[in-house]
Amino acid sequence: MGDDQNVCHDEFGHKYHLIKKIAEGGQGAVYRTQHKDLVVKRELKNGLPVPASEDMCQLFLSLRLLPIPQGLNITLPLAVLKEDSGYVMQLMDEMQSFRAAFSAVPENDAAENEWITQVKSQNTDLGAICSNLIARGGMRRFLRAHLHAAVLMAHLHAAGLVYCDFSANNVFISRDVNFCHVWLIDADNLDIQEETRKRIIYTPGIGAPELCDPEVRVRTGCTFSSDCHAFAAVFFQQLTHHHPFEGKLFEEQIEELGALEEAEFCRDRGDYPWVFDTEDDSNVWEEGAFYRALLPDGIWEILDKTFESGLFKPSLRPSMAEWSYELARSLDVLVCCPHCQMEYYEAQLKCPWCDHVHPQLVLSARFPSGEALWSFAHELDERETIDVPLRLVHGFRASELEETAFRVRWTGHTLEIRKIGEHFATEFSGSDGIRKEAANFVTDAITESFFIFCRDTENNFSIIIEGRILYGTE
């Protein structure tokens, strides 16, 4: 680009210097500007800016009229560009794309510990995968980030809106791994499904077969189901850095055709089974076996339904609401080993990665009838306070995504539990079986179960939470 192509103006005459490209898709790129928290989306064709047109300006401005739920984290145009097709939007400076947040990290930023060193001595590639996963914040950050993204998409779908081009470049997260603010950007394709069905929009390698196959394009366009396919594809690729349909058959096709582009076209229109297909292993990805342990069965079932039974039957693909529920359920039983820093699901006597023994908190909520409601598990560390999500008491509710029910502190000998907020009243019962109404509780018999009785008078329901500290033996 020449210097003049690094400058643009909006409809009000404000000048923007395009400092850094932070995201790019099939229809253009997003740039940081000299103004903190303001970015520019500019349409590109063959790498050059597309001239502004009245139709595109009206399209960008009309986004404000869509029934987007209030308070949803999605960037909308603040002003359209004057000379070029594009617009200005707000995006906090301390955020980065999912692609940047969950891509492989540089070697000098990778995590190191005794266990990783040992793994690397036996399998360099496997050691690097584990090291990079930990450095990016581990599975806890990965699942939490995608949970927030899934809830955003579910809210849009509930309002009758299709996002059309979900990709790792279009969803952003806080740079600081201690925070998880998630935003959708590049919303210029957003519209009601009646309109998006007329459009064929997708990011290469992520689009559903009905979008990528020319023979199908006449019948359908972007739908809730194609959004769900894109989300699943992004989720899988950001975790594994591998395409869900690039396996043995795909590699053989490249050798046979001698052309990567042809093989990719066949891949995207669904010619090959998914690499973890439960009934057809002809396109298996042998090196991917390790990743089976990084996700629980519930999420694998969603991926199977999306890429297997739902590949050519969009109505069978799990919805974004199903994704949201399963991601939250998996996140809440994730335990991180303090020795190797790897994570696993459901409390166990020993870490399945390194066999280290460490104390873990296990909380199981049920209705008085005995029907299970929710489960929570977490490693215990005297240096950290645990926030137990309100989901343990209310079940999954998208509106309570980050709300806390209890705050827990482990002293090494006792467990201190404090109720947070006024959502419900509590009674506690220790080993003596006596129920005491209180907002704070300290266990003095940590080897036995304790109970928390929760009563929500506003919604007229009660929950019983059984808690225990799980210990293993060396």
Inset, instruction - Can you run down the residue pairs with Cβ atoms below 8 Å, 6 or more apart or on separate chains, where the first is in region 393-409 and on the phi > 0 side of the Ramachandran plot and the partner is outside any helix (DSSP H, G or I)? - result: G395/L373; G395/W374
Inset, instruction - Return a yes/no flag: does region 138-153 have any residue that is crowded, with 22+ Cβ neighbours inside 10 Å, assigned to a loop (DSSP other than H, G, I, E, B) and within 16 Å of the chain's Cα centre (by Cα). - result: no
Inset, instruction - Return a yes/no flag: does region 118-137 have any residue that is among the basic types (K, R), without any contact (Cβ under 8 Å) to a residue 24 or more places away in the chain and either part of a helix (DSSP H, G or I) or not assigned by TED's automatic domain parsing to the domain that holds A187 (or both). - result: yes
Legend entry - Members of region 124-170 that are β-branched (V, I, T) and at pLDDT below 95: T124, I129, I134
Legend entry - Checklist (1) under 30 Å from P67 (Cβ atoms); (2) without any contact (Cβ under 8 Å) to a residue 12 or more places away in the chain applied to E251, failing item: (1)
Legend entry - Scope region 301-345; condition touching a Lys or Arg at 6+ places or on another chain (Cβ under 8 Å) and not in a helix (DSSP H, G or I); matching residues: G310, R317, P318, D332, L334, C336, E343
Legend entry - Residue list for region 416-434, filter: under 22 Å from H394 (Cβ atoms) and surrounded by fewer than 14 Cβ atoms within 10 Å (Cβ to Cβ): G421, E422
Inset, instruction - Looking only at region 421-438, count how many residues are touching a residue at least 24 places away in the same chain (Cβ under 8 Å) and either among the basic types (K, R) or outside any loop (DSSP other than H, G, I, E, B) (or both). - result: 5
Inset, instruction - Can you tell me which residue within region 403-415, out of those that are outside any strand (DSSP E or B) and touching a strand residue (DSSP E or B) at 6+ places or on another chain (Cβ under 8 Å), is surrounded by the fewest Cβ atoms within 10 Å (Cβ to Cβ)? - result: T414
Inset, instruction - Taking A365 as meeting all but one of (1) part of a helix (DSSP H, G or I); (2) buried (at least 18 other Cβ atoms within 10 Å of the Cβ); (3) among the small types (G, A, S), write down the number of the exception. - result: (1)
Inset, instruction - Scan region 279-299 and give yes if some residue there is crowded, with 19+ Cβ neighbours inside 10 Å, among the aliphatic types (A, V, I, L, M) and touching a His at 6+ places or on another chain (Cβ under 9 Å), otherwise no. - result: no
Inset, instruction - Search region 45-67 for residues that are in the same structural domain as Q27 (by TED's automatic domain parsing) and pair each with any residue that is surrounded by 11 or more Cβ atoms within 10 Å (Cβ to Cβ) and of a type in the set (G, A, S) when their beta-carbon atoms are under 6 Å apart and the residues are at least 6 apart or on different chains. - result: V50/S85; A52/S85; M56/S85; P67/A159
Legend entry - Out of E114, E107, sole residue that is under 27 Å from C337 (Cβ atoms), charged (D, E, K, R) and modelled with pLDDT under 90: E107
Inset, instruction - Being under 21 Å from L72 (Cβ atoms) and either in the same structural domain as G28 (by TED's automatic domain parsing) or in a loop (DSSP other than H, G, I, E, B) (or both) narrows it down to one of S167, S226, so name that one. - result: S167
Inset, instruction - Look through Q5, Q27, Q34 and report the one residue that is at pLDDT 90 or above and either aliphatic (A, V, I, L, M) or out of contact with any helix residue (DSSP H, G or I) (no Cβ under 6 Å at 6 or more places or on another chain) (or both). - result: Q34
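The values are calculated or read from the model by the stated rules, or taken from the named source; none is laboratory data. Since we're looking at a predicted model, the values are computed, not measured. Backbone-built Cβ (ideal geometry, glycine too); neighbour counts: all protein chains shown.
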